[in-house]
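Everything on this sheet refers to the single structure shown next.
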Amino acid sequence: MKITKTNKDLVIKIPLYQNSYDAIGQKIGQVSNIVGVIAGERCTISQLIDLGYKDDVQEGQEILIYNDYAEEEDKEDFKILCEELGIPVWEHPICAYCGSVLYGSFLWGKKGNMCNECESKGLK
C-alpha cells in the first residue's frame with residue numbers, strides 16, 4: 001500500500017492482486033487482494049487473506065466503508081462500481097428470522113437462512 005497526497009486529495013494505492021503461496025512457501029500464482037463486501041446495510045472494500053495452501057481466500061479487515069446504511073439501489077451501485085474496478089463482490093446472507101448478517105456457517109429453517117441464536121431459541 002502506498003499513501004500520498006496531492007494539493008487537495010489523499011491518495012491511497014492498494015494492489016489489486018497478491019502473490020499466493022502453497023503450504024511449503026512456493027509461489028503458486030496470484031489472487032485478489034481486495035473484495036467488495038455487502039453485509040446487510042454495510043458495503044465495504046475489504047482485504048482478502050490468501051489461503052493458497054488450502055486453495056482458498058478469506059475475508060479480512062475492512063479497508064474502506066463505502067456505505068453504512070445502504071438500501072437496495074445503493075447496493076446495486078456498489079456492485080456496478082466493483083465490477084468497473086475489477087473487484088469481486090461477496091454478499092453475506094441474512095437471517096430470515098432476526099435479520100442479522102450471517103458469517104460462516106448457518107442453518108436453514110422454514111423461512112430460509114437461520115442464525116444459531118434463532119435456532120437455539122427454537123424458532124422454526
Of the labelled options [x] 31, 12, 11; [y] 31, 22, 11; [z] 19, 16, 14, which one gives semi-axes √(5λ) of the Cα gyration tensor in Å as computed for this structure?
-> [y]
If one compares the long axis through the Cα atoms of helix 72-85 with the longest principal axis of the Cα atoms of the chain, the angle in degrees, nearest 10, works out at 30
Region 1-70: chymotrypsin sites (Phe, Trp or Tyr not before Pro) in DSSP coil with no more than 10 other Cβ atoms inside 10 Å = Tyr69
What's the center-to-center distance, using Cα atoms, between region 30-48 and region 91-113 in Å?
-> 19
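Read-outs throughout are calculated quantities, based only on the coordinates presented, and are distinct from any laboratory measurement. Keep in mind it's a predicted model, so treat the numbers as computed, not measured. Positions of Cβ are generated from backbone atoms using ideal geometry, with glycine treated the same way; all protein chains shown enter the neighbour counts.
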